[in-house]
């Protein structure tokens, strides 16, 4: 094995180890790995810059979507919807859980699951306190459901943006191929949740508590009604531009134009202070991506990813269906223990090469990555950002150590059941589409 291959692999494994163990912040780990790739001559400085330039669509999409989310969040639009849903429950815990799960799926389609969980997590605690019910089942269910919502659109999760940019998949492609699956998965998962938590959800609610819920004022969370309506109109326009992007001559690799233009328009028309909007953007995530792209580019250059694709292709024995399903399981299991962003970033070039090596269509492999990366995170309380936020919300609410321990154990049990169930549904979905040739061949 050549020295540059060994060095590149050591740098890559060190970055993954630091991300997994959180000994340092993941952004620092990725950027340090990128610097080492250049310092040790795996990549030249020009090559590192070219890798970043090549990924401008991904970076632009992420920045644009983040600005849109931050500005719209200031309007109170999402909080308004959450309070409205709480009132529609009429104090029935089971109905409240179902409505929250549906809202979480919908919000996750246009927001990242972090923002969705932040909005719904705090309201869940308040609503459960008003109804005198334990919030743990609600937080666990909503966190898991947001992972389902994460598969629905190009902008609904960071792995989707990565995959869409790499594979040239537009907004409509995700809607057509994943929204029907998400609706089925969400419906069956809600049935599963209501079965698992049937005792907690059938607790009768006192009349005065129902009245307190019904007297909640959804407009109280809206600071500026003009900003509210402007944000709603611009958000709808923003999503519609993604939908008609092909018709107006904007291809999958140029969608960042819409994201940035929409963000600028929203800033101009909303009146929100740009400094505040930009200060709230997760810049650490942006720089994490930049560093990660360079690290992955380094191991790709020395042929590690290509060789991995050959090994996987040989292991599957030329069986197309087995290769695709193996990718689904591998991505899902890895995403349970490692941040799904580096998992996706590494597997994209691997499955692309594997498709070429085996003479397969690449499309079903993209399905496997989308489903595996988003749904695999439900396995553990630390498997996805929304899970971590749900756990944090509960820990802030509940100081009792025994109840915290019980929450963690319950999350592992319910999360594992849900993740296995979702991966099984994904496997059935992929099996049917491949068996009947419902893919680009």
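How tilted is helix 158-167 with respect to the longest principal axis of the chain? Cα atoms for both, answer in degrees (0 to 90, nearest 10). Roughly 40 degrees between the two axes.
For the chain, adding -39500 (n - 2.57) for each run of n ≥ 4 DSSP H residues and dividing by the number of residues yields -25500 deg cm²/dmol at 222 nm. Computed over all pairs of different Cα atoms, the Kirkwood value for the hydrodynamic radius of the chain is 22.7 Å. A full extension of the chain between residue 254 and residue 54 corresponds to an added length of 70.8 nm, given 0.36 nm per residue minus the alpha carbon distance. Computed on the chain, with alpha-carbon pairs under 8 angstrom and 6+ residues apart, the relative contact order is 24 percent.
The label point for residue 10 and the one for residue 310, both projected 7 Å from the Cα toward the Cβ, are 2.4 nm apart. Centre-to-centre, using Cα atoms only, the range 1-18 and the range 312-365 are separated by 21 Å. Maximal additional length on extending the residue 286-residue 209 stretch stands at 23.3 nm, based on 0.36 nm per residue less the C-alpha distance. Under the shape rule built on the C-alpha gyration tensor, where the axes satisfy a ≥ b ≥ c, the range 381-441 is prolate, since a/c reaches at least 1.5 and a/b is greater than b/c.
Label point of residue 319 set 7 angstrom out along Cα-Cβ; within the range 412-437, amide nitrogens under 14 Å from it belong to 431.
Under the shape rule built on the C-alpha gyration tensor, where the axes satisfy a ≥ b ≥ c, the range 343-422 is prolate, since a/c reaches at least 1.5 and a/b is greater than b/c. Separation of the range 207-279 from the range 91-151 is 20 Å, based on Cα centroids.
Relative to the longest principal axis of the Cα atoms of the chain, helix 26-39 runs at roughly 10 degrees. Label-to-label distance, residue 188 versus residue 440, with points set 7 angstrom from Cα along the beta-carbon direction: 2.7 nm. Legend: Rg and Dmax of the range 24-85, from Cα coordinates, 18.5, 57 Å. Working from label points 7 Å from Cα in the Cα-to-Cβ sense, the residue 90 to residue 261 distance is 4.6 nm. What the Cβ-Cβ distance of residue 223 and residue 421 gives, at R0 = 35 Å and to the nearest 0.05, is a FRET efficiency of 0.30. Just to confirm the number: angle between the C-alpha axis of helix 45-54 and the first principal axis of the chain, 0 to 90 degrees, nearest 10? For helix 45-54, the angle is close to 50 degrees.
Rounded to the nearest 0.05, the FRET efficiency derived from the C-beta distance between residue 403 and residue 279 at R0 = 30 Å is 0.25.
First check a/c for the range 112-267, with a ≥ b ≥ c the square roots of the eigenvalues of its C-alpha gyration tensor; if it is under 1.5, answer rounded, and if not, answer prolate when a/b is larger than b/c or oblate otherwise. Verdict is oblate for the range 112-267.
Read the figures in this text as sums done on the coordinates, not as results from a lab. Please read all numbers here as calculations on a predicted model, not as lab measurements. So basically every Cβ, Gly included, is an ideal-geometry build from the backbone, and we count neighbours across all protein chains shown.
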